[in-house]
Amino acid sequence: MATAATAHHDEHPYGIMRWLCTTNHKDIGTLYLWFAFIMFFVGGAMAMVIRAELFQPGLQVVDPHFFNQMTTLHALVMIFGAVMPAFVGLANWQIPMMIGAPDMALPRLNNWSFWLLPFAATLLLGGLFAPGGGPAAGWTIYPPLSVQGGMGTDFTILAIHTLGISSVLGALNIIATILNMRAPGLTLMKMPLFVWTWLITAYLLLAVMPVLAGVVTMLLTDRHFGTHFFDPAGGGDPVLFQHVFWFFGHPEVYILILPAFGVISQILPTFSRKPLFGYDSMVYATGSIAFLSFVVWAHHMFTVGLPTAGELFFMYMTMLIAVPTGVKVFNWVSTMWRGSMTFETPMLFAIGFVFLFTIGGLSGLMLAIVPADFQYHDTYFVVAHFHYVLFSGSIMAIMGAVYYWLPKWTGNMYNEAQGKWHFWLTAIFFNITFFPQHFLGLAGMPRRIPDYALQFTEFNVWSSIGAFGLGLTQLLFLYIVVRTIRGGKKATDRVWEGAHGLEWTLPSPPPYHTFATPPKVD
Amino acid sequence: MFMLRLAKLRHALLRVTSAVSLFFVSTLAFAEYGFNLQPPVTPIAREILNLHNAIMIVCAVIFVIVFGAMFYAVFAHRKSRGHKASDFDESTKVEIVWTVVPFLILVGMAIPSTATLLKMDDVTESDLTIKITGYQWKWHYEYMDKGVSFFSVLATPRDEIGRPMFSSTGFKAGDAKNANYLLQVDKPLVLPVDQKIRFLVTTNDVLHAWWVPQIGIKKDGIPGFINQMWARIEQPGTYRGQCAELCGKDHGFMPIVLDAVSEQDFNAWLEQEKAMMAAAAAGADREWAKAELLEKGKETYDKVCASCHQPNGQGIAGVFPAIAGSKVATGPLDEHLHLVMAGKPGTAMQAFGPQLDDVALAAVITYQRNAFGNNTGDLVQPSRIKALRK
């Protein structure tokens, strides 16, 4: 039994009320991470439906209308349900511990930010059971097709509003926490990179989520209240939607990847036993990427018939992003250079990230070249590209982060052999799934089609087999996480030999409340 | 001594360039096996392929250098080999180098890209203009100032596609598929070679994108707006493409087929088309028998209506209404005529008045009112449609 004073600190309700009423950053972080994990499997199941239908030419499994609902919802669920909440979960757990704060700055808001999510997810998935089914116009919900859709599209719009509110509140909380609650002596330029990337991501969220909310509201009024924002018959312009959507959408891409950059910048130095190379330039590169993300949106729309000057501007700006992104990759490789490396599971995921994300980065550079983009646009080449940046980018970084911090969170070590199996199976199946899609796209297979011409058969078979393997492998991830929570070898406070930072000075698992008195940072 | 070294260097350079060009050639050879862009048949498509190959090679070289370094470190600088960590963590000099060098490489890429783009965007001085209009889910081609226009729809038999497990109609495996499965149409777009052809693209409903990879063109069709692009096809042949912008249920089923022929053949084809259109117009003036109308009606229904309302007239619950037993198809004839000809705004139900000729409209409405158990006995003559149009 602890002393009365600490017992008072740890007091909280038990059972369901603990989770409903919690204002504790660790509890809320856990909720976010579990929510993301569940959505990861829901979105993954949809991907399995897609790949089952594409396994062979001809229609075998689902009709084209349902296929379109699957591609649409797979993207929305993975982006808004899995990746974004997972990063907010990591931020909740880690940011207070990394900056020596007792909790998030706005704990009650934190609770609400999370509890909006299950309702949003219910709305989003509930659309599937509405008359006419779920949204089927792609996650980009371009009008006029999205104006044609059934009630499921309205469900989606309201879900996006709810998710947007949650993201904005979460971002506000993160900014307030980082700017106000750092331990004495922890200046901005001493913050861990993960905290830095999240600070910048939070500003991106504040800037663009309201834009998305605005544009889907315009869509809603076009659908039901007689406006003609996007209807040419009433003087509107369908392309206006795309401009506004991608003004949100491109920064959103960086919202999904900047925290991953942060995670990798934590893991690589730990297992290289060497400080991060070029800390300052990492911070500036993150800032530059965030800034440039606001002036490249139309590279998603090169085929809509932009004026030549516009195409050139957006091509040059997009190519420019390769410079700060290159700086990051070079810095990571230099961090490893002449280190003393060991290859525990988090390190494997980090190296896998740097290697595979760069493939996605380079195909992104190819996509920036306007004349060539006319051949790549809306093909499987694009599908391959964004899965290299989003799966082997964002999601593998999240997996690496879970292995890296899980011993700290639970006090137990995961099973290293199983973790390595998880990494290698994921990496191999991922490449079997998505590498052939580059070839498919170049050879002329459009994306978002439920059936295809015969010359695309072989690579689709590969891709489907890889996808089933990739999906099954994630059950191993679930098993490892659950087993680690339930027990295992006790973790030390530092956990990793080369780990530096405030979170490693705490016991594993950390007490319910940490840093009630701020630590001193030199 | 210096000359000797120079000769050696030149020799080495030659080896590198020949290796690179070998790589070029082999990537081009792969094109036949579906690894790379399809073989180009226009100057622009060829420029795009060269640009693509060049940039891919630059990317591959950068990739090999960066990850060569990384994997060297992974093998050499590991703890298990007793490597001790250094503690360097910055070097302004190298950081400047790897900011400036990539920037220069990017400038090198931007120059040829800009040149190609400027050529692509120059649609002036064309010899022939084709207006392309996307519909859910077919293409309409109009030869401007030539008096020829027609729809082009998927010609792959439904039986080859099959029916999926989870559908209202039940599973049926697709029949053996022909070589051009999903890439065949009832009536291809016929174009002359060696002429600068300007395409105007728009749509009647949602967004579509007209894409034929071998001629290097992809452009979105946007309702209410007209986009332009051009091509000069160098080789006669058949080139196939698909709609590239999600346009609803049958987005995967609206292919593009383009027949490039000599100018002579093209002109002969134009004359033939005009004669056929005149013959079709004449058909509207005579009286049609019921059996004739039903036969023509079924043909039109399967081609135009069945993708939404389904071949059995049952529709898809919640999305596409059934025709079997529907209020429209068994109710007053005038309302049925009006719905088919004017469409229903805000839904996928298009105005078919401008799309179909008098005979096809009369036949398909007659068919709808008598098939699927809608035994109204009504008969619509083409002359009635003709009168309604006035």
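If A:Thr345 satisfies all but one of (1) crowded, with 24+ Cβ neighbours inside 10 Å; (2) facing chain B (nearest Cβ under 8 Å), what's the number of the condition it fails?
Evaluating A:Thr345 over (1) crowded, with 24+ Cβ neighbours inside 10 Å; (2) facing chain B (nearest Cβ under 8 Å) leaves (2) as the failure.
Out of B:Glu95, B:Glu160, report the one residue that is under 29 Å from B:Gln350 (Cα atoms), at the interface with chain A (Cβ under 10 Å from one of its Cβ atoms) and part of a helix (DSSP H, G or I).
Only one candidate qualifies: B:Glu160.
Quick one: count up the residues across region A:171-184 that are open to solvent by 10 Å² or more (accessible area, probe 1.4 Å) and touching a Pro at 6+ places or on another chain (Cβ under 9 Å).
Summing the residues that are open to solvent by 10 Å² or more (accessible area, probe 1.4 Å) and touching a Pro at 6+ places or on another chain (Cβ under 9 Å) in region A:171-184 gives 3.
Being of a type outside the set (A, V, I, L, M) and more than 8 Å from every other protein chain (Cβ to nearest Cβ) is the filter here, so list the residues in region B:64-90 that pass it. First the steps, then the outcome.
Residues of region B:64-90 that are of a type outside the set (A, V, I, L, M), as a first pass: B:67-68, B:71-72, B:75, B:77-84, B:86-90.
Hits for region B:64-90 are B:Gly68, B:Phe71, B:Tyr72, B:Phe75, B:Arg81, B:Gly82.
Run B:Glu245 past the list (1) in contact (Cβ under 8 Å) with a residue 40 or more places away in the chain; (2) not polar (S, T, N, Q); (3) not assigned by TED's automatic domain parsing to the domain that holds B:Met349 and report the number of the one that doesn't hold.
(1)
May I ask you to verify whether A:Glu458 is open to solvent by less than 20 Å² (accessible area, probe 1.4 Å), charged (D, E, K, R) and either assigned to a helix (DSSP H, G or I) or over 30 Å from A:Phe357 (Cβ atoms) (or both)?
So A:Glu458 fails the test.
List pairs: first in region A:234-253 and more than 20 Å from A:Ser293 (Cβ to Cβ) and in contact (Cβ under 8 Å) with a residue 12 or more places away in the chain, second open to solvent by less than 10 Å² (accessible area, probe 1.4 Å) and assigned to a loop (DSSP other than H, G, I, E, B), Cβ under 6 Å, 6+ apart or cross-chain?
Here the result reads A:Gly236/A:Phe230; A:Pro238/A:Pro143; A:Pro238/A:Phe230; A:Pro238/B:Ile222, each pair linking region A:234-253 to a residue that is open to solvent by less than 10 Å² (accessible area, probe 1.4 Å) and assigned to a loop (DSSP other than H, G, I, E, B).
Select, from A:Gln94, A:Gln56, the only residue that is at negative phi, open to solvent by less than 10 Å² (accessible area, probe 1.4 Å) and in contact (Cβ under 8 Å) with a residue 12 or more places away in the chain. Quick ask: steps written out before the conclusion?
On the way: A:Gln56 fails: open to solvent by less than 10 Å² (accessible area, probe 1.4 Å).
Only one candidate passes the filter, namely A:Gln94.
Out of A:Gly444, A:Gly466, A:Gly419, I need the residue that is closer than 30 Å to A:Ser508 by Cβ, touching a Pro at 6+ places or on another chain (Cβ under 9 Å) and open to solvent by less than 50 Å² (accessible area, probe 1.4 Å). Which one?
Result: A:Gly419 is the single residue among A:Gly444, A:Gly466, A:Gly419 that is closer than 30 Å to A:Ser508 by Cβ, touching a Pro at 6+ places or on another chain (Cβ under 9 Å) and open to solvent by less than 50 Å² (accessible area, probe 1.4 Å).
Looking at region B:313-327 only, could you name the residues that are within 13 Å of another protein chain (Cβ to nearest Cβ), small (Gly, Ala, Ser) and either farther than 24 Å from A:Gly152 by Cβ or open to solvent by 40 Å² or more (accessible area, probe 1.4 Å) (or both)?
Keep residues of region B:313-327 that are within 13 Å of another protein chain (Cβ to nearest Cβ), which gives B:314-321.
Pick out the ones that are also small (Gly, Ala, Ser) and you get B:315, B:317-318.
Hits for region B:313-327 are B:Ala317, B:Gly318.
Mind listing just one residue for me: the one in region A:109-148 that is open to solvent by 30 Å² or more (accessible area, probe 1.4 Å) and assigned to a loop (DSSP other than H, G, I, E, B) and, of those, nearest to the other protein chains (Cβ to nearest Cβ)?
It comes out as A:Pro131.
Give just the number: which of (1) touching a residue at least 40 places away in the same chain (Cβ under 8 Å); (2) surrounded by fewer than 24 Cβ atoms within 10 Å (Cβ to Cβ) does A:Leu206 not satisfy?
Of everything listed in (1) touching a residue at least 40 places away in the same chain (Cβ under 8 Å); (2) surrounded by fewer than 24 Cβ atoms within 10 Å (Cβ to Cβ), A:Leu206 misses just condition (1).
Can you find even one residue in region A:274-292 that is touching a Gly at 6+ places or on another chain (Cβ under 9 Å), open to solvent by 10 Å² or more (accessible area, probe 1.4 Å), closer than 26 Å to A:Met189 by Cα and touching a residue at least 60 places away in the same chain (Cβ under 8 Å)?
Taking every residue of region A:274-292 in turn, none turns out to be touching a Gly at 6+ places or on another chain (Cβ under 9 Å), open to solvent by 10 Å² or more (accessible area, probe 1.4 Å), closer than 26 Å to A:Met189 by Cα and touching a residue at least 60 places away in the same chain (Cβ under 8 Å).
Which members of region B:64-85 meet the condition of being open to solvent by 40 Å² or more (accessible area, probe 1.4 Å) and either over 48 Å from the mean Cα position of the chain (by Cα) or aromatic (Phe, Trp, Tyr) (or both)?
Matches in region B:64-85: B:Phe71, B:Tyr72, B:Phe75, B:Arg78, B:Lys79, B:Ser80, B:Arg81, B:Gly82, B:His83, B:Lys84, B:Ala85.
For residues in region B:209-225 being β-branched (Val, Ile, Thr) and farther than 23 Å from A:Phe230 by Cβ, which is nearest to the other protein chains (Cβ to nearest Cβ)?
Looking at residues that are β-branched (Val, Ile, Thr) and farther than 23 Å from A:Phe230 by Cβ, I get B:Ile217.
Exactly one condition in (1) open to solvent by 30 Å² or more (accessible area, probe 1.4 Å); (2) over 28 Å from B:Gly283 (Cβ atoms) is false for B:Met341; which is it?
In the conditions (1) open to solvent by 30 Å² or more (accessible area, probe 1.4 Å); (2) over 28 Å from B:Gly283 (Cβ atoms), B:Met341 misses (2) alone.
Report, by residue number, each residue of region A:362-384 that is within 17 Å of the chain's Cα centre (by Cα) and surrounded by fewer than 24 Cβ atoms within 10 Å (Cβ to Cβ).
Here is the first cut: in region A:362-384, the residues within 17 Å of the chain's Cα centre (by Cα) are A:383-384.
A:Val383 - this is the single residue of region A:362-384 that is within 17 Å of the chain's Cα centre (by Cα) and surrounded by fewer than 24 Cβ atoms within 10 Å (Cβ to Cβ).
Failed condition for B:Asn370, given (1) within 34 Å of the chain's Cα centre (by Cα); (2) open to solvent by 20 Å² or more (accessible area, probe 1.4 Å); (3) at pLDDT 90 or above, with all others met?
(1)
Need pairs with beta-carbon distance below 6 Å; first residue outside any loop (DSSP other than H, G, I, E, B) and within region B:310-331, second modelled with pLDDT of 85 or more and open to solvent by 40 Å² or more (accessible area, probe 1.4 Å); sequence gap 6+ or separate chains.
Matching pairs, first to second residue: B:Val328/B:Leu339; B:Thr330/B:Thr376.
Looking at region A:293-328, which of its residues are open to solvent by less than 20 Å² (accessible area, probe 1.4 Å), more than 25 Å from the chain's Cα centre (by Cα) and either away from chain B (no Cβ under 13 Å) or at pLDDT below 95 (or both)?
Selection gives nothing.
B:Lys131 - would you say it is open to solvent by 40 Å² or more (accessible area, probe 1.4 Å) and in a loop (DSSP other than H, G, I, E, B)?
Details: open to solvent by 40 Å² or more (accessible area, probe 1.4 Å): yes; in a loop (DSSP other than H, G, I, E, B): no.
Answer is no for this residue.
Keeping to region B:171-225, report how many residues are modelled with pLDDT of 95 or more, open to solvent by 10 Å² or more (accessible area, probe 1.4 Å) and acidic (Asp, Glu).
So the count comes out to 1.
The values are calculated or read from the model by the stated rules, or taken from the named source; none is laboratory data. Quick caveat: nothing in here was measured; it's all calculated off a predicted structure. Every residue, glycine among them, receives a Cβ derived from its backbone with ideal geometry; neighbour counts consider all protein chains shown. Surface accessibility is based on the protein's heavy atoms, side chains included, excluding ligands, DNA and RNA. Shrake-Rupley method; radii C 1.70, N 1.55, O 1.52, S 1.80 Å.
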